[in-house]
1. What about ASP141, is it over 30 Å from GLU200 (Cα atoms) and of a type in the set (Asp, Glu)?
2. Would you please name the residue that is surrounded by the most Cβ atoms within 10 Å (Cβ to Cβ), looking only at residues in the range 73-84 that are at pLDDT 95 or above and not hydrophobic (A, V, I, L, M, F, W, C)?
3. From the residues in the range 172-193 that are at pLDDT 75 or above and outside any helix (DSSP H, G or I), which one is nearest to GLN63 (Cα to Cα)?
4. Could you tell me which residue of the range 128-171 is nearest to PRO91 (Cα to Cα), considering only residues that are within 14 Å of the chain's Cα centre (by Cα), of a type outside the set (A, V, I, L, M) and part of a strand (DSSP E or B)?
5. What strands (runs of 3 or more DSSP E) lie completely within the range 23-127 and have 1 or more residues being of a type in the set (Phe, Trp, Tyr) and more than 18 Å from GLN166 (Cα to Cα)?
6. Of the conditions (1) surrounded by 17 or more Cβ atoms within 10 Å (Cβ to Cβ); (2) touching a helix residue (DSSP H, G or I) at 6+ places or on another chain (Cβ under 8 Å), LYS130 clears all except one; give me its number.
7. What tally of residues in the range 1-59 results from selecting those that are loosely packed, with under 13 Cβ neighbours inside 10 Å and touching a Cys at 6+ places or on another chain (Cβ under 8 Å)?
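The values are calculated or read from the model by the stated rules, or taken from the named source; none is laboratory data. Keep in mind the model is a prediction, meaning the values are calculated, not measured. For neighbour counting, all protein chains shown are included, and Cβ atoms are generated from backbone atoms with ideal geometry for every residue, glycine included.
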Amino acid sequence: MNQHIFPDLRERIESFKEIKISEERLISLSPLINYLRKKLSHTELVKLNYIGINNSHRSLIAQVWTQVAAVYFNLDIRSYSCGISQRRILPQTIKIMKEHGFKVFKKSSDDQVYFAWYSQEEDPITLFSKKTNDLINPPADFAAVFTFPADPETKLLFDHAEKSIQLDFPDSYSKTDVSSIEKWSEKFSCELFYAISAAETRTIQLKNIT
């Protein structure tokens, strides 16, 4: 475990060991687990681009937690996020990140850009809402991970992706109030750490069946 991750984040990660994941959710996670296992077994760089509707909450939360997981497990994983459309980052998103242990600040010269710190040693994650054609997105050798129910036409926007992965969540997790975003963040972060633990034998073991 990376000891430089902020204590509140480390404590939350340790709590994942006691959370059970249902068999139904394990089935939904299997495409992500299989992709991670394939890339990690060949010591290849893993690039995950999380796709949201507006890139204002779920996809950004997925991006920051994935970066934390990469450092925690000391794995070569890079995370990105973008949206089919573009909207300012929701204040609720920043609030939840702070409550979960991230240190998040606005860039002084641009109120639409944030820096999220999660470690004493690592560079912060730069967060801003962006569309699918933004140049910061990986052009190839990445998995497009959809954080909303994407239709076939939407998935065609990422036909250049190495893998298309649909993260299926109940409709309640698409709401944008603080409580719903917090539930989504808790659920995603726990399941992400499980997925990596299932793909990488050196990781923590979680209880996985309800």
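1. Here the answer is no, as ASP141 does not meet what is asked.
2. Selected residue: SER81.
3. THR176
4. So, considering only residues that are within 14 Å of the chain's Cα centre (by Cα), of a type outside the set (A, V, I, L, M) and part of a strand (DSSP E or B), the one nearest to PRO91 (Cα to Cα) is PHE146.
5. So the answer is 103-107, 110-117.
6. Every condition holds for LYS130 apart from (2).
7. 0
Here is a yes/no grid of residues against (1) within 28 Å of ARG37 (Cα to Cα); (2) at pLDDT 85 or above:
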| residue | (1), (2) |
| --- | --- |
| LYS103 | no, yes |
| PHE115 | no, yes |
| GLU122 | yes, yes |
| PHE142 | yes, yes |
| LEU157 | yes, yes |
| HIS160 | yes, yes |
| PRO170 | yes, no |
| ALA195 | yes, yes |
